[in-house]
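Everything below concerns the one structure shown next.
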Amino acid sequence: AQLAETGGGQVQPGGSLRLSCTASGSTSSAYAMGWFRQAPGHDREFVGSISWNGRQSKVADSVRGRFTISRDIAKNMVYLQMNSLKPEDTAVYFCAQSISQGVVWRSSLYNSWGQGTQVTVSS
């Protein structure tokens, strides 16, 4: 699958952004999707995952209550709604397609990745 993220940018602390991921490929809707992020000098970390049918989702403890992951199966789109953003959320955010149908947090279970979109939270 080919994945492309959009929606990144710069926002003040407390602000919101919605990231979108377009997935192309005939089988992209059959697998779970995920969002990861990587800040300078840090490893890539799990942000959220949603099952193939959108009925189950999981987000990391660090973003729970602030970030929501969703998908539009008909449009082959995955979204990450980010509210109450903090400076520590600053990172490049990646969309990824899993080899599994259920939610997964391990990056090794994802085999397709987008190029990433920069999110900067700063006043």
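The values are calculated or read from the model by the stated rules, or taken from the named source; none is laboratory data. Here the structure is a predicted model, which means the values were calculated and not measured. A quick note on method: Cβ atoms are made from the backbone with ideal geometry, for glycine too, and the neighbour counts reach across all protein chains shown. These accessible areas exclude ligands, DNA and RNA; they are computed on the full protein's heavy atoms, side chains included. Shrake-Rupley method; radii C 1.70, N 1.55, O 1.52, S 1.80 Å.
Quick test for you: out of Gly15, Gly34, pick the one residue that is under 11 Å from the mean Cα position of the chain (by Cα) and among the small types (Gly, Ala, Ser).
Gly34
When the residues of the range 96-108 are filtered to those that are open to solvent by less than 40 Å² (accessible area, probe 1.4 Å) and touching a Phe, Trp or Tyr at 6+ places or on another chain (Cβ under 6 Å), which remaining residue is nearest to Ala4 (Cα to Cα)? Step through it out loud before you land on a result.
Of all residues in the range 96-108, those open to solvent by less than 40 Å² (accessible area, probe 1.4 Å) come to 96-98, 100, 102, 104.
Narrowing further to those that are touching a Phe, Trp or Tyr at 6+ places or on another chain (Cβ under 6 Å): 96-98.
On the way: Ala96: 9, Gln97: 11, Ser98: 15 Å.
So the residue we want is Ala96.
When you go through Gly65, Gly14 one by one, which is the residue that is assigned to a loop (DSSP other than H, G, I, E, B), touching a residue at least 24 places away in the same chain (Cβ under 8 Å) and open to solvent by 50 Å² or more (accessible area, probe 1.4 Å)? Step through it out loud before you land on a result.
Values: Gly65 fails: touching a residue at least 24 places away in the same chain (Cβ under 8 Å).
Of Gly65, Gly14, the one residue that is assigned to a loop (DSSP other than H, G, I, E, B), touching a residue at least 24 places away in the same chain (Cβ under 8 Å) and open to solvent by 50 Å² or more (accessible area, probe 1.4 Å) is Gly14.
Please go through the range 30-48 and pick out each residue that is surrounded by 20 or more Cβ atoms within 10 Å (Cβ to Cβ) and either out of contact with any Ser or Thr (no Cβ under 8 Å at 6 or more places or on another chain) or of a type in the set (Asp, Glu) (or both).
Result: Arg37, Val47.
Quick test of your reading of the structure: Lys75 fulfils all but one of (1) open to solvent by 60 Å² or more (accessible area, probe 1.4 Å); (2) within 20 Å of Thr22 (Cβ to Cβ); (3) in a strand (DSSP E or B). Name the failing condition by number.
Only one criterion is unmet by Lys75, namely (3).
Of the residues Ala39, Ala91, Ala74, which is farther than 17 Å from Ala4 by Cβ, of a type in the set (A, V, I, L, M, F, W, C) and at pLDDT below 95?
Working: Ala39 fails: at pLDDT below 95; Ala91 fails: at pLDDT below 95.
Ala74 is the lone residue from the list that is farther than 17 Å from Ala4 by Cβ, of a type in the set (A, V, I, L, M, F, W, C) and at pLDDT below 95.
Within the range 18-26, can one find any residue that is part of a loop (DSSP other than H, G, I, E, B), surrounded by 15 or more Cβ atoms within 10 Å (Cβ to Cβ) and touching a strand residue (DSSP E or B) at 6+ places or on another chain (Cβ under 6 Å)?
no
Return the only residue of Thr6, Thr27 being at pLDDT 95 or above and β-branched (Val, Ile, Thr).
When all the criteria are applied, what remains is Thr6.
What pairs come up if the first residue lies in the range 109-122 and is touching a residue at least 60 places away in the same chain (Cβ under 8 Å) and crowded, with 17+ Cβ neighbours inside 10 Å, the second is acidic (Asp, Glu) and not in a strand (DSSP E or B), and their beta carbons are under 9 Å apart, counting only those six or more places apart or on different chains?
Val119/Asp89; Val121/Glu88; Val121/Asp89
May I ask you to say which residue of Trp35, Trp52, Trp105 is in contact (Cβ under 8 Å) with a residue 24 or more places away in the chain, assigned to a loop (DSSP other than H, G, I, E, B) and in contact with a strand residue (DSSP E or B) (Cβ under 6 Å, 6 or more places away or on another chain)? Let's see the steps before the verdict.
Working: Trp35 fails: assigned to a loop (DSSP other than H, G, I, E, B); Trp52 fails: in contact with a strand residue (DSSP E or B) (Cβ under 6 Å, 6 or more places away or on another chain).
Going through Trp35, Trp52, Trp105 in turn, just one is in contact (Cβ under 8 Å) with a residue 24 or more places away in the chain, assigned to a loop (DSSP other than H, G, I, E, B) and in contact with a strand residue (DSSP E or B) (Cβ under 6 Å, 6 or more places away or on another chain): Trp105.
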